[in-house]
Structure formats: structure tokens, C-alpha cells
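Trainee: Shown below is the structure under consideration.
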Amino acid sequence: MAALRKLTFAASLPLSGRWCSAAPAVFRCYSAAASGGDAKFPKNVIEHLNTSQEQQTNGVVYDKKPFRMELEEGKRYSWCLCGRSKAQPLCDGTHKLVQYKITQRPVRFQVEKNGTYWLCNCKQTKHRPFCDGTHKCEEVQKTSGK
């Protein structure tokens, strides 16, 4: 198992964005798959097979901190984007319930190698499904998520 690395990177967030309407900030991202000193996010190796990561809207904030999870190379996962799954951070099909009128679909993903990964639980990440530190923004922290 790869050693868990802590990466720091500067990110300039758009002023018109839904979350984090602040000046450039420093975030921390955690990933065992990252290598070297580069600010590099884990890669979704099946990203080209689906379009769910291109959805324009984000789900409700489920939690204000990421979820640490051991993932296996070659296994397909479905990350919950709507924020209503009872099996967070993974999808349990809640978005299919008609009464909730949920428009977001899960993001299907696969990792390049076995290891520890931090998955986003605030559902506002720009690097779906991986945490990019967006949960630290004041707007996310003000929400009623956990």
C-alpha cells in the first residue's frame, strides 16, 4: 500500500462560483495515489466512458469533511453526487426515488492502483469524486451538513 501523502496547492476560485467566492486560497488534498511534489489528483481511469462528471449542478452537502476509503485497482465504484445516499460516499440509488426529484446522477469511477483515497463528502469538488479541499470554504462550512 502506498504511503499517504499530504499535498498543498494554491487554487484560484471563480468569483461567480456557487461556493467559495473568495480570493485565491491554499487547500490541502490527501491522496495515496499522488506522486512526487506535484499537486496531482488521482485519475478516474473510466472517465472517458461516461458523462456524469460533466453535470453542471452539485448535490447537497452531506458532510463537511472528506471520507477516507481503501479502493481497489480495476473495481468500479459509483460516487454519490446528490448527497442523499445512506451509503456515503457511494451511491445507493436514492437519486432514483421519484418523490425526491433529484437530477444528479452518480459519478462512476475506477482508480489506477490500490490504495487509500479521500472522497469528497461535501459534493462541491471540482475533481469528482476526489476531495480538493472545497469543504473548507466558508460557504460550505455554513451549511447544515454534518
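The values are calculated or read from the model by the stated rules, or taken from the named source; none is laboratory data. Since the model is a prediction, treat every value here as computed from it, not as a measurement. All Cβ positions, glycine included, derive from the backbone under ideal geometry; neighbour counts span all protein chains shown. To get the accessible areas, we keep the full protein, side chains included, count just its heavy atoms, and leave off ligands, DNA and RNA. Shrake-Rupley method; radii C 1.70, N 1.55, O 1.52, S 1.80 Å.
Trainee: Here are some pairs, Lys101/Lys142; Lys40/Lys101; Lys75/Lys126; which of them have Cα atoms lying more than 30 Å apart in this structure? Show your work: numbers first, answer last.
Mentor: Details: Lys101/Lys142 24 Å; Lys40/Lys101 35 Å; Lys75/Lys126 22 Å.
The answer is Lys40/Lys101.
Trainee: Please list, by residue number, every one of the trypsin sites (Lys or Arg not before Pro) in segment 46-108 that is coil in DSSP and has at most 15 other beta-carbon atoms within 10 Å. If you can, show how the numbers build up before the last one.
Mentor: Details: sites: Lys64, Arg68, Lys75, Arg76, Arg84, Lys86, Lys96, Lys101, Arg108; in loops: Lys64, Lys75, Arg76, Arg84, Lys86, Lys101.
Here the trypsin sites (Lys or Arg not before Pro) that fit, given the DSSP loop and packing criteria, are Lys75, Arg76, Lys86, Lys101.
Trainee: A follow-up question, please. Skip the ligands, DNA and RNA, and give the accessible area per residue of segment 50-142 with a 1.4 Å probe, whole Å².
Mentor: Details: 4800 Å² over 93 residues.
Here the per-residue accessible area is 52 Å².
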